[in-house]
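The values are calculated or read from the model by the stated rules, or taken from the named source; none is laboratory data. None of the values given here were measured: they were computed from a predicted structure. Here the Cβ positions follow ideal geometry from the backbone for every residue, glycine too, while neighbour counts run over all protein chains shown. Just the protein is used for accessible areas: all its heavy atoms, side chains included, with ligands, DNA and RNA removed. Shrake-Rupley method; radii C 1.70, N 1.55, O 1.52, S 1.80 Å.
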Amino acid sequence: MKKSIFIFFVLFGFALSAQNTKVEVLKEFLKGTIQLDTGDVDVRQPIFSINKLASKKADKAIDLTKENVAEVLAEAKNYSTCIITVGVHTLVKVTDFEDCSPSGAWGVCMPMGKGYIQKGGNLNEAHDYLKNIIGRPGSQEIKVFLFK
């Protein structure tokens with residue numbers, strides 16, 4: 001019985017450690033843009049929490065669509081940081097507007113980005129052109145947050 005209780009606490013400790021690591025990764029990723037406090041982030045849905053915080057802290061927030069993507073990306077060049085979220089599962093920061101790849105689906109040249117995609121409770125790092133991270137335009141809500 002004591003062994004079962006010990007194993008439970010060890011596994012519980014590892015689970016908490018993994019959740020705290022996820023928050024720490026996102027804190028570092030957003031450093032200088034959005035100040036994250038552990039209490040601000042739902043560890044099960046951290047990108048949902050970041051969406052809420054970014055909506056309050058960003059200098060400008062825009063819904064990204066195929067129709068406005070060219071104008072939004074052109075405007076984003078005038079800001080120091082451009083963060084994009086897709087639903088509650090993807091978080092991307094544009095890293096280079098000049099290094100871009102043409103996208104037939106979006107109809108523009110999509111810049112390079114770095115971010116995280118949450119799958120199965122894990123954050124998977126992504127470093128690629130936006131078209132490959134955020135996917136195609138469609139039914140998912142895609143938000144752009146611009147910071148001076």
Please give every one of the aspartates and glutamates within straight-line cross-link reach of Lys52, meaning a C-alpha to C-alpha distance under 15 Å, and leave out same-chain neighbours fewer than 8 residues apart.
Asp37, Asp40, Asp42, Asp63, Glu141
Which one, Tyr79, Tyr129, Tyr116, has the greatest fluctuation when you compute a Gaussian network model over the chain with C-alpha springs under 10 angstrom?
Tyr79
Using the crude model of +1 on Lys and Arg Cβ and -1 on Asp and Glu Cβ, and no other charge, please compute the dipole size for the stretch 49-148 relative to its Cα centre, in debye to 20.
360 debye
Taking 21 Å as the cut-off for C-alpha to C-alpha distance, list the pairs among Lys31/Lys131; Lys22/Lys66; Lys60/Lys119; Lys60/Lys143 that go past it.
Lys31/Lys131; Lys22/Lys66; Lys60/Lys119
By how many degrees, 0 to 90 and rounded to 10, does the Cα axis of helix 2-30 deviate from the longest principal axis of the chain?
20 degrees
The percentage of the accessible area of the stretch 15-147 (probe 1.4 Å, all protein chains present) made up of carbon and sulfur atoms, to the nearest whole number, is 46 percent
At a threshold of 8 angstrom on Cα-Cα distance, excluding pairs fewer than six apart, so keeping six or more, what relative contact order does the chain reach in percent?
24 percent
If you rank Phe97, Phe147, Phe48 by how much accessible surface each has, with a 1.4 Å probe, what is the order from largest down?
Phe48, Phe97, Phe147
Over the chain, cysteine residues that find no other Cys C-beta under 4.7 Å are Cys82
Leaving ligands, DNA and RNA out of it, work out the accessible area of Ser101 with a 1.4 Å probe and give it in Å² to the nearest 10.
20 Å²
Quick one: helix 46-57 against the long Cα principal axis of the chain, what's the angle to the nearest 10°, folded into 0 to 90?
50 degrees
Probe 1.4 Å, accessible area per residue of the chain, Å²:
58 Å²
What's the Cα-based Rg to Rh of the chain, Rh via Kirkwood?
1.07
Return the whole-Å distance between the Cα centroid of the stretch 108-148 and the Cα centroid of the stretch 41-69.
12 Å
